[in-house]
Amino acid sequence: MKKPGAASPPVGSRARGVGLRPESSPGFLFWRVALHWQRVMLASLRPLGLTHVQFVLLASTWWLTTIAGETPTQRRLAEHAGTDPMMTSQVLRALEAKGLITRDADPDDSRARRIGVTKAGAKLAARAIATVESADAGFFAPAGDKRGLLKTLRRLVD
C-alpha cells in the first residue's frame, strides 16, 4: 500500500524496473564514481599543496605552453580545461600568488591576460601530473580495458 502523499513511479516503470533501484541508474552510478574519484584526486594532490582545479589549470598551462608551444590567454586556458572563465581567473590569481604561473597583459588586447608557467610551476606540474596519473591508474584499474574506457569517456564528453 502506498503511503499518503508518496510520489508514484512513472507509468510503466515497474514493468521495466526503471526507477526502482539506484544501482540501475547510469546517472546515479556516474555521480557516485565522480565523487569517489574527486576524493582520490584531492587526497593525492593535498601533499603538493594543490586543489584539483589548481592542478587542472596548472597542468593545462604547462601543457599548452611547453608541449603545444602556445602562450594562451585566460580564455583559451578556460576553454582547454573546460572551466568557467571567471573561476579560472580567480584560481590563476592564486597560482600566480604561489609563484607557479605568470599573468601578463596581452599586447594585442588590453582586457586579456597571457598565461605562462614559471620554473617552479613547471617542476610542480610535472610532479602533480605524475601523481595524478598514478592515482588515475589505481582508481580506474577495476574498469579493465583502458582503451575501451577512454573511448567511452571521449564519446560522453563529445
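The values are calculated or read from the model by the stated rules, or taken from the named source; none is laboratory data. Note that this is a predicted model, so its numbers are computed, not measured. Cβ atoms come from the backbone with ideal geometry, glycine included; neighbour counts cover every protein chain shown.
Can you tell me which of 130, 59, 78 is surrounded by 15 or more Cβ atoms within 10 Å (Cβ to Cβ), under 21 Å from residue 43 (Cβ atoms), under 16 Å from the mean Cα position of the chain (by Cα) and at pLDDT 95 or above? It would help to see each step written out before you state the result.
On the way: 130 fails: surrounded by 15 or more Cβ atoms within 10 Å (Cβ to Cβ); 78 fails: under 21 Å from residue 43 (Cβ atoms).
Unique residue meeting the criteria: 59.
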**Report entry** segment 1-40 - residue that is among the aromatic types (Phe, Trp, Tyr) and either surrounded by 12 or more Cβ atoms within 10 Å (Cβ to Cβ) or assigned to a loop (DSSP other than H, G, I, E, B) (or both) and, of those, modelled with the highest pLDDT
**Finding:** 37
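Each row is one residue, and each column tells you yes or no for (1) among the acidic types (Asp, Glu); (2) under 23 Å from residue 157 (Cβ atoms); (3) out of contact with any helix residue (DSSP H, G or I) (no Cβ under 8 Å at 6 or more places or on another chain).
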residue	(1), (2), (3)
80	no, yes, no
83	no, yes, no
88	no, yes, no
100	no, no, no
111	no, no, yes
117	no, no, no
120	no, no, yes
127	no, no, no
134	no, yes, no
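Would you point out the residue of segment 116-127, among those that are in contact (Cβ under 8 Å) with a residue 12 or more places away in the chain and part of a helix (DSSP H, G or I), that is nearest to the chain's Cα centre (by Cα)? Full working, then the answer.
Taking segment 116-127 as the starting set, the residues that turn out to be in contact (Cβ under 8 Å) with a residue 12 or more places away in the chain are 116-118, 120-122, 124-127.
Next, only the ones that are part of a helix (DSSP H, G or I) stay: 120-122, 124-127.
Working: 120: 22, 121: 19, 122: 19, 124: 18, 125: 15, 126: 17, 127: 17 Å.
Once the filter is applied, the top-ranked residue is 125.
State yes or no: is residue 119 among the charged types (D, E, K, R), at pLDDT 95 or above, farther than 22 Å from residue 38 by Cβ and loosely packed, with under 12 Cβ neighbours inside 10 Å? Don't jump to the end; show me each part of the working.
Working: among the charged types (D, E, K, R): yes; at pLDDT 95 or above: yes; farther than 22 Å from residue 38 by Cβ: yes; loosely packed, with under 12 Cβ neighbours inside 10 Å: yes.
Answer is yes for this residue.
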